[in-house]
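Working notes, beginning with the structure itself.
The values are calculated or read from the model by the stated rules, or taken from the named source; none is laboratory data. Not measured: the values here are computed from a predicted model. Neighbour counts are summed over all protein chains in view; Cβ atoms, including those assigned to glycine, are modelled from backbone coordinates with ideal geometry. Only protein heavy atoms, including side chains, enter the accessible area calculation; ligands, DNA and RNA are left aside. Shrake-Rupley method; radii C 1.70, N 1.55, O 1.52, S 1.80 Å.
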Amino acid sequence: MAFEDDAFERMHKIMTDGRSAMMENMNRVHRGEPAVMRELAVKGERTPSQLADATGNSPGRISAILSALEKKGWATRTIDPENRRHVIVRITPEGKRLVKLHKQAMEDRMRWVFGQMGERRTEQFLDLLTRFITYMSLCGPDDPVPDEATIAKAFERAGIPYDPAADRVNVVAQAARAAAAGPHPGGKPGDTAADDDPMGTACTSA
């Protein structure tokens with residue numbers, strides 16, 4: 001197995017194994033009550049539909065969240081006097097205070113994680129994460145394979161030097177490999193396995 005295939009499987013396993021705890025916490029922050037309160041604290045008064053769109057929740061889920069926030073005294077819902085079909089949601093002063101405390105708690109947890117990793121590993125992690133995200137920014141499903149100039153410009157925009165890895169491998173897309181192998185079993189003349197994966201050639205090194 002090539003190292004890039006092994007790396008892909010390892011990353012998938014890491015994300016899958018950690019999903020039960022990490023992803024549950026992330027979903028709670030980004031889609032639950034904290035997300036709604038943060039949206040209200042930043043944007044001001046909103047409608048339930050606007051909150052649903054901003055937080056990725058269904059209308060029914062937003063209604064349940066707002067009911068819970070109202071019971072806790074963290075948000076209010078009132079009828080819009082200019083359009084009685086609309087409901088206006090506002091965060092209360094106590095809600096704003098809790099948003100500030102929650103933000104500080106999240107920052108403290110991240111600092112704790114970096115403290116456990118140590119300065120050297122934290123610097124390496126942030127550098128590699130920046131590089132990974134920069135490469136991924138060039139990997140839209142319909143984007144062509146980026147050339148060296150395009151990659152260099154992306155790194156320049158990210159504010160980091162572009163120094164290709166000494167052991168860099170030019171990975172060929174799975175669909176391209178299949179196309180090179182010829183027609184796939186059971187296909188019509190002229191068909192290849194690449195026809196089964198029209199997205200497979202996006203963003204792979206030439």
Tensor-based shape of segment 54-100 (alpha-carbon gyration tensor, a/c under 1.5 rounded, otherwise prolate or oblate): oblate
Cross-link pairs beyond the 22 Å C-alpha cut-off, checked among LYS43/LYS96; LYS43/LYS153; LYS103/LYS153: LYS43/LYS153; LYS103/LYS153
Difference of contour (0.36 nm per residue) and Cα-Cα distance, GLU123 to ASP167: 13.7 nm
Cβ-Cβ FRET estimate between GLU9 and ASP143, R0 fixed at 30 Å, reported to 0.05: 0.80
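Sorted by mean Cβ packing within 10 Å, highest first, what order do the peptides 32-39, 65-72 take?
32-39, 65-72
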Percent accessible area from carbon and sulfur atoms, segment 57-109, protein chains only, probe 1.4 Å: 56 percent
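Using only the Cα atoms of segment 39-154, build the gyration tensor, take square roots of its eigenvalues as a ≥ b ≥ c, and label the shape rounded, prolate or oblate: rounded if a/c is under 1.5, else prolate if a/b is larger than b/c, else oblate. Before the final figure, lay out the partial values.
Working: a/c = 3.70, a/b = 1.67, b/c = 2.22.
It comes out oblate by the Cα gyration axes.
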Accessible area per residue in Å² at 1.4 Å probe, computed on segment 12-164: 70 Å²
Difference of contour (0.36 nm per residue) and Cα-Cα distance, MET106 to ILE79: 6.3 nm
